[in-house]
Amino acid sequence: MLEIMIESVSTRRYFKQLLHNSGVPYEINEDCVCIDETNCRSQEDKNRLTTLLMNTTIASYFPELCETMLKELYHIHHDPERASIIAIIKRFFYSTDIVSTKASSLTILDWQRIVNHALTPFVKNGQRIGLEAFLLFRLKEVKERLIYVIEEAIDEHHLEMDYQQMVNTYRCYIKETEPKVATVHVEVGETVTFYNKSMHKVPLRDIYLWSRAIPISDKELPINQRVITPLVGMAPLEVIVDKTCDDSLYHTLQLIFEERLKTSTKSWT
C-alpha cells in the first residue's frame, strides 16, 4: 500500500480530486491518501502518479512557499504589496518565454524536473511519503533557485511602483499647470521634434526651460531625443502623435495625457 501523508486539508482535497479525475482508486486513512499497489503497478501508472503529486506541489506549495519566503526572508508583511510581488513571481515562473537575467533562476519546467526526479524513487518503491516533510527537506535546490525569482520580482515590483509614481506625478502636473503650448504635434525619428498648432517648431530653448520645472524621467537621453519630459513641461491640452509611435511610448503617453492624446497618420513636415 502506497501511503501519501498530506497534512494540509486543502492540499489533500486537491490531490484527491486529481486522483478522481485520472481514475486512480484510493482510500483515505486519517491524513493519508492510500493507493493499493495493485492499482499502480506498471511504470506508466507510477509515472502518472508522480506527475499528479508534482502538480499538487505546484498548485498548493509553490504559492505557499512564495508567501513564506517573502515574509520571513524579505519581511514583506503588507498584503497588497506581497500579492503584487507574487503575481510577478508567477508571471516569471509560468512563462517559458521570459529569459531570466540570472542563470540560476527557476521556471515551472525546472520545478517539474527537480520534483519529478526527487519523487520517483518513493513512488517506484512504494514508500510512505510525507509530502510536507518531503518538500521541506528534499527540495533545497528549488528553494535556493526560487530566491532568484523572488529577488527579480521584487526589483520588477519596485520599477513598476516607480513608473506608476512618475505617471501620477506627471498627470497631476499637467492638470494643475497652464498650457505653454495648447496643441503639440510630435514627430519621432532619430531626433524628436515638436510642432505647435500652426506647425511651427517649438524652440529647443523653450523646451529646455519648461522641462526644468519637473522631474526628468528620460534624463539619460539628449534633450533632442526626449519625448515625455518636454511634453509634460508644455502641459498641452492636446497631444498629437503619429500612429507609428512606439507602442510602449504611446502607452505611457496615454496613461499621462489620457483623453488629451490623439493619433494622426499625417506627416508633420
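Each value in this text was obtained by applying a stated rule to the coordinates, not by laboratory testing. Note that this is a predicted model, so its numbers are computed, not measured. Here the Cβ is made from the backbone with ideal geometry for all residues, glycine too, and neighbour counts use every protein chain on show.
Summary table
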item	result
Exposure proxy ranking, count of Cβ atoms within 10 Å, fewest first, for Phe15, Phe122	Phe122, Phe15
Set Lys90/Lys143; Lys16/Lys140; Lys71/Lys143; Lys46/Lys90; Lys175/Lys262 screened for pairs whose C-alpha atoms are more than 23 Å apart	Lys16/Lys140; Lys46/Lys90
Segment 61-68 - phi-based ³J(HN,Hα) in whole Hz, Karplus 6.51/-1.76/1.60, Gly and Pro as x	8, 4, x, 5, 5, 4, 4, 4
Acute angle (nearest 10 degrees) that the helix 43-56 long axis makes with the longest principal axis of the chain, alpha-carbon atoms	50 degrees
Read-out volume of the Cα convex hull per residue in Å³, derived from the coordinates shown; its label in (i) 164; (ii) 122; (iii) 179	(iii)
Residue order, fewest to most beta carbons within 10 Å, for Arg138, Arg212	Arg212, Arg138
Computed magnitude of the charge dipole of segment 1-92 (debye, nearest 20; Cβ of K, R +1, Cβ of D, E -1)	420 debye
Packing-based exposure ordering (other Cβ within 10 Å, fewest first) of Tyr61, Tyr208	Tyr208, Tyr61
Theoretical gain in end-to-end length, Lys243 to Thr169 [0.36 nm per residue, Cα-Cα removed]	24.1 nm
Label-zone membership for segment 106-123, site Gln43, 7 angstrom Cα→C-beta point, backbone N under 20 Å	113-123
